[in-house]
Amino acid sequence: MANKVNGELNGIRSATLEAIRALYDIRMGQDEYASWELISQMAFLTGEIGREISVYIARDGRIVDVSVGSDSKVEMPNIRLVRNEDRLCGVRCLHTHPNGDGRPSGVDLGTMRSMQLDSMASVGVTDGKPTQLYACFIGEKTEDGPREALIFGPLRPYKLPQRALINEIYISDDRFRSVTKEVREAEPEKAILVGIDSGEGYDTVSELAELAKTAGAEVVGRVELKKRPIDNATYVGSGKAEELSLMGSEKNADLFIFDDELSAVQQRNLEEILGASVIDRTTLILDIFASRAQSREGKLQVELAQLSYRLPRLLGQGQILSRLGGGIGTRGPGEKKLEIDRRRIRRRIYELEEELSSIDRQRELRSSGRRAGNTPLVALVGYTNAGKSTLLNRLSDAGVLAEDKLFATLDPVVRKIELPAGTEVILSDTVGFINKLPHDLIKAFRSTLEEVSQADVILHIVDVSSDFYETQMRVVEEVLAELNAGSTPRIDVFNKCDLLPEFPAQQAARGERRRVFISARDGKGVDCLLDSVEELLNSRRQEIDLVIPYSRYEAVSFIYKVGAVLEEEHTAEGTHIRAYLDAQDHGQLKKLLAE
């Protein structure tokens with residue numbers, strides 16, 4: 001319908017609504033920023049209805065949209081704007097403030113930047129009369145934030161410097177063109193984080209911010225709501241969703257990231273209200289995994305997790321499934337699946353599971369070979385960014401990427417090292433764990449993580465410098481229990497002790513659950529860790545010291561095959577050998593010698 005009035009029209013009398021519609025008939029010259037006729041009529045109508053009124057004015061003086069809002073805000077219309085990367089949109093906005101204060105709000109300035117408006121003008125209204133006007137324009141690009149906002153005012157509404165304000169539009173346009181398209185495309189997505197306080201004393205929203213940073217987003221806002229029932233339609237409730245929409249306009253946000261898993265209905269409804277892309281914590285973690293996977297197996301596992309997560313959400317999703325331009329939440333193999341149906345996704349999941357089964361069989365052969373050689377397996381596990389890769393590099397010169405980011409490394413790494421007394425062990429570095437780790441991810445990576453359950457010793461690496469390290473330890477223990485590795489002997493390795501005010505003193509070993517304090521970065525305490533690993537491995541073995549007749553040399557071969565030889569000497573009576581053997585192997589050795 002031509003000349004339609006948009007926005008909240010309930011309760012407005014038909015005569016008043018017709019007067020608001022008549023604003024379309026007001027025409028201004030190309031050198032006129034906002035005529036007194038338009039300003040005074042908008043102020044009068046604002047006084048009549050007690051709500052904001054906004055108009056959008058093209059550069060030729062035509063009014064292209066009229067909208068009505070509430071007493072404190074007005075929704076931006078879905079009008080067709082020129083959205084070139086390197087120019088303003090060719091439309092300016094003039095709107096009223098019923099509270100009499102004409103100063104522009106943060107939402108006003110954010111909307112101007114996000115819509116690339118020629119200008120944003122706000123008029124204070126008291127008793128149906130305009131009191132003051134502020135005109136805002138997009139300024140220079142700042143180094144670490146959004147463009148500046150140039151604000152002119154307060155100005156007298158009945159005597160505006162019309163030509164000067166129009167000239168400022170063209171100056172602003174030239175300023176905007178000075179930024180190349182390549183620079184604009186390199187800017188990270190601006191994200192607002194939303195979470196609900198769990199009451200557990202663990203700041204999961206700060207952790208979500210680290211995840212967003214790892215994914216390449218710039219966090220421009222965060223909202224942590226007090227514990228409340230989850231709204232089935234919008235997760236946070238419609239009123240709070242409206243507040244988030246205003247915050248998104250103010251911050252010029254491209255993306256909202258929610259700390260908990262969203263249903264397809266919640267995601268679709270939120271995208272409609274917020275006018276931006278919406279993803280949840282699970283999607284964000286899967287996106288990071290997709291960008292970090294290097295090996296064929298890792299890429300297959302991530303794709304399987306992505307498809308398993310997206311399959312039940314395929315129908316009814318909003319912008320996230322319609323975007324073809326990429327961005328956080330759309331990277332990796334899942335991006336090419338947005339246009340295919342459930343049947344083809346299920347077939348692809350079946351193909352991935354078959355490929356991974358083949359890789360699992362190959363891994364099992366390698367694991368069998370290691371077990372046949374009786375080389376102990378020591379698994380490094382821990383919360384993401386606890387320092388596992390740094391420790392692996394310190395112990396083995398593995399050359400694994402080690403960054404101060406969550407999930408800096410994804411693909412498992414296996415290295416052989418020698419302990420101080422000569423015992424050879426295999427170190428296995430696994431993917432880091434995290435709070436609310438997606439179940440689809442655990443399922444996809446289960447075959448890789450199952451090596452942890454086969455380990456002889458688990459080194460639980462803990463970032464002791466974190467304020468929440470105890471909660472992080474609990475998360476790791478829960479995942480280990482899910483992998484049936486809860487009873488495996490382990491050592492709690494408290495890393496990053498160099499960041500503490502004082503380096504803790506090493507504690508005496510007690511049973512199989514030992515505590516060692518280290519700094520993987522500078523190597524302090526690592527020797528004590530290696531001694532503890534060797535002691536723990538040998539504590540489960542029996543030391544033998546005997547002379548084996550040369551006629552029973554197969555017994556010597558058996559010891560080398562299944563045990564850890566500490567000393568060997570050839571004497572006149574036979575081979576004097578000292579070694580560690582498991583109790584079961586010790587019994588087998590006795591049978592060999594008795595024969």
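The string of couplings for the range 542-554 from the Karplus curve (6.51, -1.76, 1.60, θ = phi - 60°) is 10, 8, 10, 9, 8, 10, 9, x, 4, 6, 10, 5, 4 Hz, one whole number per residue in order, with x for Gly and Pro. Packing-based ranking of 156-163, 135-142 yields 135-142, 156-163, ordered from highest to lowest mean Cβ neighbour count within 10 Å.
Given the pairs K299/K416; K190/K251; K436/K496; K226/K251; K213/K436, which span a C-alpha to C-alpha distance of over 20 angstrom in this model? Don't jump to the answer; show the numbers that get you there.
Numbers: K299/K416 25 Å; K190/K251 8 Å; K436/K496 24 Å; K226/K251 22 Å; K213/K436 18 Å.
Over 20 Å apart, Cα to Cα: K299/K416; K436/K496; K226/K251.
With all protein chains kept in place, the per residue accessible area of the range 430-580 amounts to 47 square angstrom at a probe of 1.4 angstrom.
Rank by packing, highest mean first: peptides 3-12, 111-120, 242-251, with packing defined as the count of other Cβ atoms within 10 Å averaged across residues.
Numbers: 3-12: 14.4, 111-120: 23.3, 242-251: 20.4.
Answer by packing, highest mean first, reads 111-120, 242-251, 3-12.
Note on the range 1-67: with neighbouring protein chains present and a 1.4 Å probe, carbon and sulfur make up 45 percent of its accessible heavy-atom surface.
Carbon and sulfur together cover what percent of the accessible area of the range 487-595 at a 1.4 Å probe radius?
Numbers: 2860 of 6040 Å².
It is 47 percent, rounded to a whole number.
Computed from backbone phi with θ = phi - 60° and the Karplus coefficients 6.51, -1.76 and 1.60, the 3J(HN,Hα) list for the range 423-438 is 6, 8, 9, 9, 8, 10, 9, 10, 5, x, 9, 7, 4, 6, 4, x Hz; x is used for glycine and proline.
The values are calculated or read from the model by the stated rules, or taken from the named source; none is laboratory data. It should be emphasised that the depicted structure is a prediction, and the values quoted were computed from it without experimental measurement. All Cβ positions, glycine included, derive from the backbone under ideal geometry; neighbour counts span all protein chains shown. Protein only, heavy atoms only, side chains kept; ligands, DNA and RNA dropped before computing areas. Shrake-Rupley method; radii C 1.70, N 1.55, O 1.52, S 1.80 Å.
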